[in-house]
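Chemist: My structure is below; once you've seen it, I'll send some questions.
The values are calculated or read from the model by the stated rules, or taken from the named source; none is laboratory data. Small disclaimer: the values here were computed from a predicted structure and weren't measured. Note: accessible area is taken over every heavy atom of the protein model, side chains too, but ligands, DNA and RNA are not part of it. Shrake-Rupley method; radii C 1.70, N 1.55, O 1.52, S 1.80 Å.
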Amino acid sequence: VADRLRPFVANRRLEIVVWPGCSEPEPCQWDEEKIEGVVEELLINAIKASPDGSRIDVGADQRDGGVEIVVLDHGVGVPEGQQERMFEPFVTMRDALHHGSGLFDFGGEGVGIGLPTARLWVERHGGRLTAQLNETHPGMRLSIWLPRTAAERKSMSTSRSPSSRTTSLWINRS
């Protein structure tokens, strides 16, 4: 995913840092295309929100019987109490005065369907997609939690379920 975004990262002089310890592949039964799309959407939003020359942290770890994937940006964040609005269709939280750089506009402001769609795919896999202010520095912490296998998935409210193709994800096993 990061390779597809490399031109945008380079133009903004951003650095994507993968957390140490994310080095052993762990097989997970997810629709690989959909979950990669979700991670790409989170990274695109982090690129849009991050100031030029800053970094974006990405990592995965085993948590609560599943896998958590985290994307941290160093932007101004979204005010407390407003984070859930990020997942409403056609709502954009971007403030042009505080986000982006002016040196390279990452395709302008979206129409507000990326994060709602991402959350839908995560929920269809029996998981959660949440957003909160980062506790250690300015910016947002977007977190995906997914069960590792189809057998671990919660009951889904729809008859359409994701593919159970196995994909490998690098997770922190410490």
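Chemist: Any idea which residue in segment 45-72 is farthest from VAL111 (Cα to Cα), counting only those that are among the acidic types (Asp, Glu) and open to solvent by less than 70 Å² (accessible area, probe 1.4 Å)?
Modeler: Taking segment 45-72 and keeping what is among the acidic types (Asp, Glu), we get 52, 57, 61, 64, 68.
Of the ones still in play, those that are also open to solvent by less than 70 Å² (accessible area, probe 1.4 Å) are 52, 57, 61, 68.
On the way: ASP52: 23, ASP57: 25, ASP61: 31, GLU68: 27 Å.
Of everything passing the filter in segment 45-72, ASP61 is farthest from VAL111 (Cα to Cα).
Chemist: Of a type in the set (Gly, Ala, Ser), open to solvent by less than 30 Å² (accessible area, probe 1.4 Å), modelled with pLDDT of 90 or more and under 18 Å from the mean Cα position of the chain (by Cα), is that true of GLY75?
Modeler: The answer is no for GLY75.
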